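Participant: Below is the structure I would like to discuss, written out as structure tokens.
The values are calculated or read from the model by the stated rules, or taken from the named source; none is laboratory data. What you are looking at is a predicted structure, and each value in this text was computed from that prediction instead of being measured. Methodologically, a virtual Cβ is constructed for each residue, glycine included, from the backbone with ideal geometry; neighbour enumeration extends over all protein chains shown. To get the accessible areas, we keep the full protein, side chains included, count just its heavy atoms, and leave off ligands, DNA and RNA. Shrake-Rupley method; radii C 1.70, N 1.55, O 1.52, S 1.80 Å.
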Amino acid sequence: MKVANEFTQPISDIGGTYGQISWPGYTHKQLRVEGGRHIGDDLNGPGGGNTDLGVDVFSVANGVVEKVIPWNGKLGYGNHIFIKHELAPYLQKKYNCPVIYSHYAHLDAFRCFEGQEVTKGQVIAKLGHSGTKYAHLHHEIRKPTGEGYEVYPAYKSEEWIDKYYFAPFTFIEENKKEPEQAPTTSPLSTTEASPQ
């Protein structure tokens with residue numbers, strides 16, 4: 001597998017109105033929900049609602065598709081995908097972990113399969129509204145947790161969430177380009193359990 005050494009946002013910069021906080025080109029929400037915490041980012045297209053239905057969703061970095069999960073018809077993640085990313089040595093050192101996972105939810109259609117190697121920016125799905133009312137991409141980046149693929153840890157402690165989960169938009173913006181002088185120290189062991 002090619003290491004993840006550079007990252008890109010999971011959808012094109014199409015600003016929308018889904019959430020209360022925006023970056024240039026993106027709208028997201030990062031709220032506490034009924035005493036819990038909204039984990040990850042919700043990214044939405046122009047006009048809110050279903051105006052972004054069917055837009056391309058990209059792999060944020062090189063990796064391997066670990067799990068493709070079809071929607072079970074209930075509220076929740078809907079159709080969703082986990083991609084495992086083996087980090088480049090400088091990122092292993094920076095984040096003290098050999099691998100991370102990117103998670104893409106509420107998808108309309110899959111454009112990848114389990115075990116497939118993907119590259120940064122490759123189309124992996126179409127954005128949808130499975131498991132929710134309006135089309136948007138729910139996106140997470142995290143370390144292995146051992147909690148499985150369907151767990152949404154909104155009510156875990158702040159310490160637990162901060163230990164395992166990154167703020168996706170910020171993480172990507174901070175790691176868009178590999179430094180010219182990346183550290184050459186030995187990488188961590190790449191033996192990590194899957195999120196199961």
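Participant: Looking at the stretch 102-141, which trypsin sites (Lys or Arg not before Pro) are in a loop (DSSP not H, G, I, E or B) and have at most 10 other Cβ atoms within 10 Å?
Facilitator: Lys133
Participant: Let me ask something additional. At a Cα cut-off below 28 Å, give the lysines reachable from Lys126, other chains included and same-chain residues fewer than 8 away excluded.
Facilitator: Once the sequence-local lysines are set aside, what remains near Lys126 is Lys2, Lys29, Lys67, Lys74, Lys84, Lys143, Lys176, Lys177.
Participant: While we're here: Go through the stretch 111-170 and name the GluC sites (Glu not before Pro) that are in a DSSP coil and have 14 or fewer other Cβ atoms within 10 Å of their Cβ.
Facilitator: Within the stretch 111-170, the qualifying GluC sites (Glu not before Pro) (loop, at most 14 other Cβ atoms within 10 Å) are Glu114, Glu150.
Participant: Provide the per residue accessible area, probe 1.4 Å, for the stretch 55-181, rounded to a whole number of square angstrom.
Facilitator: Normalised by residue count, the accessible surface of the stretch 55-181 is 44 Å².
Participant: I've got another one for you. With contacts defined as alpha carbon pairs under 8 Å and 6 or more residues apart, what's the relative contact order of the stretch 62-128 in percent?
Facilitator: Relative contact order of the stretch 62-128: 37 percent.
Participant: So if R0 is 41 Å, what FRET efficiency would Tyr134 and Tyr95 give, r being the distance between their Cβ atoms, rounded to the nearest 0.05?
Facilitator: 0.80
Participant: Under a point spin-label approximation (7 Å from Cα along Cα-to-Cβ), what is the Thr51-Glu114 distance to one decimal in nm?
Facilitator: 3.8 nm
Participant: Further question: Note down the net charge around His80, summing +1 for each Lys or Arg and -1 for each Asp or Glu among other residues with Cβ under 11 Å from its Cβ.
Facilitator: -1
Participant: Just the number, please: carbon plus sulfur as a percent of the accessible area of the stretch 51-158, 1.4 Å probe, no ligands or DNA/RNA counted. Could the numbers behind the result be given before it?
Facilitator: Working: 2210 of 4200 Å².
Carbon-and-sulfur percentage of accessible area, whole number: 53.
Participant: Just how large is the dipole of the stretch 45-144 about the Cα centre, in debye to the nearest 20, putting +1 at every Lys and Arg Cβ and -1 at every Asp and Glu Cβ?
Facilitator: Around 280 debye, computed over the stretch 45-144.
Participant: Compute the signed sum of charges (Lys and Arg +1, Asp and Glu -1) over the other residues within less than 13 Å, Cβ to Cβ, of Lys163.
Facilitator: -1
Participant: Using 0.36 nm per residue, how much length does the chain from Asn72 to Glu178 gain when fully extended, once their Cα-Cα distance is taken away?
Facilitator: Additional length available on full extension: 34.3 nm.
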